[in-house]
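Enquirer: There's a structure below that I have some questions on.
Values quoted throughout were computed directly from the atomic coordinates according to the rules given, and no laboratory measurement underlies them. Computed from a predicted model, the values in this text were never measured in an experiment. Ideal geometry is used to build each Cβ from the backbone, glycine not excepted, and the neighbour counts take in all protein chains shown.
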Amino acid sequence: MLSPWPLVLLLLLLLHPHRSDGDGRLQIQELTIDEIQSAFAEGTLTSRRLVEFYLDRISALNPVVRAVIEVNPDALAQADRADAERTGLPARRGRGLHGVPVLLKDNIGTGDRMNTTAGSLALVGSAVRRDSGVVERLRRGGAVLLGKASMSEWANFRSSDAPNGWCARSGQGKNPYLLTADPCGSSSGSSIAVAANMAAVSLGTETDGSIICPASANSVVGLKPTVGLTSRAGVIPISPRQDTIGPICRTVSDAVHVLDAIVGFDPRDSKATKKAEKFIPEGGYKQFLKVDGLKGKRLGILRHQFFGYDKGSISNKTFERHFETMRQMGAILMENLMIANASAISDSFVSGESTAMLAEFKLSINTYLSSELTLSPVRSLGDVIAFNYKHKHEEQMDDIDQMVFLAAESTNGIGLNEEAALNKMRRLSREGLKKLMNEEALDAIVTPESGVSSVLAIGGYPGISVPAGYDEKGVPFGICFGGLRGSEPRLIEIAYGFEQATKVRKPPVFESKGHLHI
Ligand SMILES: *[C@@H]1O[C@H](CO)[C@@H](O)[C@H](O)[C@H]1NC(C)=O
Ligand SMILES: *[C@@H]1O[C@H](CO)[C@@H](O)[C@H](O)[C@H]1NC(C)=O
Ligand SMILES: *[C@@H]1O[C@H](CO)[C@@H](O)[C@H](O)[C@H]1NC(C)=O
């Protein structure tokens, strides 16, 4: 299945786990943004060298893990420009994402030579009108756009049975820790790529779980911002009520640097970004990277509803140990808390989420396809469905259905059913997370992996997933800190305090036997 050439390169690349190689040169693998900026300032690293490193990693690893759909043909030119801009400037640290290569989930629009397709063949050959709001900010800050990450096609809103990480354009994305394990999705490629050092940092999107789930499964940090904190303009939509764009990175600090670079008001997504703008702190989010960030924090451990692992399992013991660490770091753990109606919230057919999203998707995807693209072979959801039937044989897997598309296509705007669903979700949120957080004066709730995603999704609430451990087979799992709208500062303090106290993340090891079968 693999040609020997990428394999040889892969082994050469991967068998040097140290920060500097034999001749004392800087080792790029696992570098953080702070380290990259210091190395730029000291002249030991250029943006070009960094981009070349990641392009080599992509050539070597992508045939196996399929995390990247396209590389940006302009990435090296952007790196050269960043290097030229830096020359002559006073050496200083922390220049944001200037010169840093960023990988973008394939639903995030770029008005350049790259395609924006949500992983779908139907959008190949379309052209977006302009950069998405978040990409505009990245370009303005001098970031290098490295390429487009693979994803669960249409952010997992096409099919009821497509595997996580699969899309027709690039096939099946793989978990780099165990190739047969679920990489989760829909921001699968964004997570796999940063986990395997194929990019410095990446952007993902979440409607319900699509950042925190793949971050958890691939041992990286995923930050799902409050809805509206980051602009959704120019991003292929599912539900404007729930969609949000956020960082997926190897460290909390990197995720915070990326968050600082992409938040803010955008006239093209004015209502939501205006409303959330008040949450953005003076001086940005970096000030909340405090080693003692857990001190004095009141954490709601939703033990009975979300943990409940078997006693004796590795994850059970690991989480118990983490709770102990949190206490030692000064956090106050509130143990026996429950979110009212948590099981109703977690079932999208009961909560109303499914009813609302199907109608919202049809409305917003039709608007996107008809007005955001200057050129496109498809102009409506109906066109995409017809395209998929016609081009079934060109997809990289047989029998991927389009049940979700068909259900969405049969909706007819926001009617009585949808209004009732929206009201139900508002009530579930008000009587659920909001009530619990306020009554118990919590700073955050704590849950394993991405089990809490719907609680966060229906309220537009933020969450951050941090690496927490590896199971018996070496498959990663994360821990999630969630809170009310605008609570990013506290979530960052908690997540950073936890990460610094535990340091769970380790890069995946590709071996010629064991994980990588040839
Ligand atoms: C965009 O898609 C077209 C059609 O598949 C392809 O020829 C082109 O190379 C793609 N662009 C990039 C940057 O990969
Ligand atoms: C571990 O297992 C015990 C016994 O089943 C259970 O009470 C406890 O909540 C579990 N802990 C976690 C973190 O899942
Ligand atoms: C939520 O829980 C309350 C009390 O437990 C119950 O009366 C109510 O019907 C539940 N709501 C939903 C939507 O399930």
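Enquirer: Within the chain, which is the longest segment that contains none of the GluC sites (Glu not before Pro) sitting in a DSSP loop with at most 15 other Cβ atoms within 10 Å?
Expert: Of all site-free stretches, the longest is 31-281.
Enquirer: Name the shape class, rounded, prolate or oblate, that the alpha-carbon gyration tensor gives for region 276-320, where a ≥ b ≥ c are the square roots of its eigenvalues, rounded holds for a/c under 1.5, and otherwise prolate holds if a/b is larger than b/c and oblate otherwise. Walk me through the intermediate numbers first.
Expert: Working: a/c = 3.38, a/b = 2.34, b/c = 1.44.
Prolate, because a/c is 1.5 or more and a/b exceeds b/c.
Enquirer: Among K105/K274; K274/K503; K224/K435; K473/K503, which pairs are too far apart, with a Cα-Cα distance over 26 Å? Can you show the working numbers first?
Expert: Details: K105/K274 24 Å; K274/K503 36 Å; K224/K435 21 Å; K473/K503 20 Å.
In this structure, K274/K503 lie more than 26 Å apart at Cα.
Enquirer: On the first, second and third principal axes, largest extent first, how far apart are the outermost C-alpha atoms of region 193-316 in Å?
Expert: 52, 33, 32 Å, listed from the longest principal axis down.
Enquirer: Right, here's the next one. Round to a whole angstrom and tell me the spacing of the C-alpha centers of region 41-90 and region 361-397.
Expert: 32
Enquirer: May I ask you to sort L61, L138, L373, L416 by Cβ crowding, counting other Cβ atoms within 10 Å and putting the fewest first?
Expert: L416, L373, L138, L61
Enquirer: In percent, what relative contact order does the chain have, based on Cα pairs under 8 Å that are 6 or more apart in sequence? Before the final figure, lay out the partial values.
Expert: On the way: 1161 pairs, mean separation 88.7, N = 518.
Once divided by the residue count of the chain, the mean separation gives 17 percent.
Enquirer: Something else now. Taking 1 over the mean of 1/r across every pair of different Cα atoms in region 230-277, what Kirkwood radius in Å do you get?
Expert: On the way: mean 1/r = 0.0869 Å⁻¹.
Taking the inverse mean of 1/r over all distinct Cα pairs, region 230-277 comes out at 11.5 Å.
Enquirer: Work through the residues other than D383 whose Cβ is under 13 Å from its Cβ and net out their charges, Lys, Arg +1 and Asp, Glu -1. Provide the component values of the computation, followed by the final result.
Expert: On the way: positive: K362, R379, K390; negative: E409.
The answer is +2.
Enquirer: What value, in deg cm²/dmol to 500, does the helix sum -39500 (n - 2.57) over DSSP H runs of n ≥ 4 give at 222 nm once divided by the residues of the chain?
Expert: Taking each H run of at least 4 residues, the total per residue is -11000 deg cm²/dmol.
Enquirer: To continue, here is another question. Between N412 and S371, what is the label-to-label distance in nm when each label sits 7 Å out along the Cα-to-Cβ direction?
Expert: Placing both labels 7 Å beyond Cα along the Cβ direction yields 2.4 nm.
Enquirer: Let me know the shape class of region 388-513, please: from the alpha-carbon gyration tensor, a ≥ b ≥ c as square roots of the eigenvalues, rounded when a/c is under 1.5, otherwise prolate if a/b is greater than b/c, or oblate. Could you put the intermediate results ahead of the total?
Expert: On the way: a/c = 3.31, a/b = 1.09, b/c = 3.03.
Taking the square roots of the gyration eigenvalues as a ≥ b ≥ c, region 388-513 is oblate.
Enquirer: What net charge is computed for the residues neighbouring V134, neighbours being all others with C-beta under 9 Å from the C-beta of V134, Lys and Arg scored +1, Asp and Glu -1?
Expert: For residues surrounding V134, the net value is -1.
Enquirer: In addition: If each Cα of region 89-175 is one equal point scatterer, what is log10 of I(q)/I(0) from the Debye formula at q = 0.12, 0.19, 0.22 Å⁻¹?
Expert: Values, matching the q order: -0.43, -0.86, -1.03.
Enquirer: Can I ask one more? Rounded if a/c is under 1.5, else prolate if a/b beats b/c, else oblate: with a ≥ b ≥ c from the C-alpha gyration tensor eigenvalues square-rooted, which is region 367-418? Before the final figure, lay out each step's value.
Expert: Working: a/c = 3.28, a/b = 1.28, b/c = 2.56.
Judged from the Cα gyration tensor, region 367-418 comes out oblate (a/c at least 1.5, b/c at or above a/b).
Enquirer: What is the Å³ per residue value for the convex hull set by the Cα atoms of the chain?
Expert: For the chain, the hull spanned by Cα atoms encloses 144 Å³ per residue.
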